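The values are calculated or read from the model by the stated rules, or taken from the named source; none is laboratory data. As the structure is a prediction and not an experimental result, all values here were calculated from the model. Note: ideal-geometry Cβ built from the backbone for every residue, glycine included; neighbour counts use all protein chains shown.
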Amino acid sequence: MKKIKILYTIPNFDTAGSGKALLNLALGLDKNKFEPHILCLHNNGIFFETVKKSGIPIHIFDYLPKERPILKMLRDCWKVSRKLKNINPDIIHSFHYSSNYTEALSAKMGGICWTFTKKNMSWGGNSANSWKLRSFLAKKIIVQNTDMLREFYPNNVKTTLIPRGVVLEKFQSTMPILEIKTKMNTLPNQRVLICVANFTPVKGIETLINAFAQVHKKNSDWVLWLVGDNNNEYGQKLINMVNLLGLKEKIIFSGKQMNVTDYLNHAELFVLPTLEKGEGSPVAMLEAMANGKVVLGTDVPGIKDQLKDYPSHLFAAKSTQELASKLDNYMIKTKEELNELGIQFYNLVSKNYSIDLEIEKHEKFYFSLV
């Protein structure tokens, strides 16, 4: 049986979230049936070294021609199509987050089956026509949550729902490393509320900070850890906010961390306060559940799919008061009570969101394309 060669395309590995998802998928495919390759624009980013060590063939060139002027775009797409033909994949699977359609056009010129994963809730505005053209050029489309199906692709036969999955073994709770609390200026007996996220405005971390500010005096043994790369304008805004609230000893920033499990191991509660726009299938929530954490999240696309069996753990986006009330409800519980509840979330992610299940669904999807 001839192996199906799949070329995964992604602009870069600078922000490791999508890159990790791509690599987990590519490494997990049945090697007797599939031959994965990767194409990206450059070799920058810390995570690129991990990708290189995986042994998966990597191709680097600019495969995303500019959309204007049109004649130049068509010429450039033709040139890219020749390079794609040299790789000779059976399927090109795009992990690009944007509405760019020139990659799909290049694949079309090369006679190569092209598909993509819709990874975010962007659709309207200036990019509306680009999203429609990108979707038209795709043979099939993977969506990551049910809101995408309803809002973007109602009654569209091209779509397949495949949520993200996690490597359960990587995030399972283990004995906490004591030095992590020291690094985070946290006392051994202090309890930890945690948020792991990309520090971008859509994450709504201000809501969590304000909610914690309302309840921290009543729950004086708790601290809030904000884990993620805060070395940007939004991160600085959050730091200033914490300082103005006089909570820098209670709300602690970790900076960018490659191994979030070390931090999750110390936490009891996890919150993802994403704004109304929502997400695709937020992996940080799944990682926290795999670590046995009690989780709270906003009632928005992506998160509400993951917590559909636990509606009481959802709160309205931007609702500081509702989140504060829910925090109060769980922060008064004992560690034993939260651990027992956390087992339910581990079982949820194990049953519905394991990497094995994600891989199995992708393999069926690829067979349907060829």
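The condition of being surrounded by 18 or more Cβ atoms within 10 Å (Cβ to Cβ), under 22 Å from F367 (Cβ atoms) and among the charged types (D, E, K, R) holds for only one of K108, K31, K3, K118, that being K118. Pairs linking a residue in the range 155-169 that is over 15 Å from I303 (Cα atoms) to a residue that is aromatic (F, W, Y) and not in a loop (DSSP other than H, G, I, E, B), with Cβ atoms under 8 Å and 6 or more positions apart or on different chains, are T160/F365.
Where in the range 1-107 are the helices (runs of 4 or more DSSP H), entirely inside, with at least 3 residues that are outside the structural domain of A197 (by TED's automatic domain parsing) and farther than 24 Å from E358 by Cα? Qualifying helices (runs of 4 or more DSSP H): 70-87. For A317, the stated conditions hold: it is outside any helix (DSSP H, G or I), of a type in the set (G, A, S), over 18 Å from the mean Cα position of the chain (by Cα) and within 24 Å of A213 (Cα to Cα).
Taken over the range 270-307, the residue count meeting the criterion of being of a type in the set (A, V, I, L, M), in contact (Cβ under 8 Å) with a residue 60 or more places away in the chain, farther than 16 Å from G165 by Cα and buried (at least 24 other Cβ atoms within 10 Å of the Cβ) is 2.
From the list K218, K308, pick out the single residue that is part of a loop (DSSP other than H, G, I, E, B), assigned by TED's automatic domain parsing to the domain that holds G342 and under 28 Å from E179 (Cα atoms).
Result of the check over K218, K308: K218.
Among the residues making up the range 144-184, those that are touching a strand residue (DSSP E or B) at 6+ places or on another chain (Cβ under 6 Å), closer than 30 Å to N265 by Cβ and in a loop (DSSP other than H, G, I, E, B) are I162, G165, M184. Summed over the range 141-158, the residues that are more than 23 Å from E276 (Cβ to Cβ) and crowded, with 18+ Cβ neighbours inside 10 Å give a count of 2.
Kindly evaluate I91 against the criterion of being surrounded by fewer than 20 Cβ atoms within 10 Å (Cβ to Cβ) and not small (G, A, S). So I91 fails the test.
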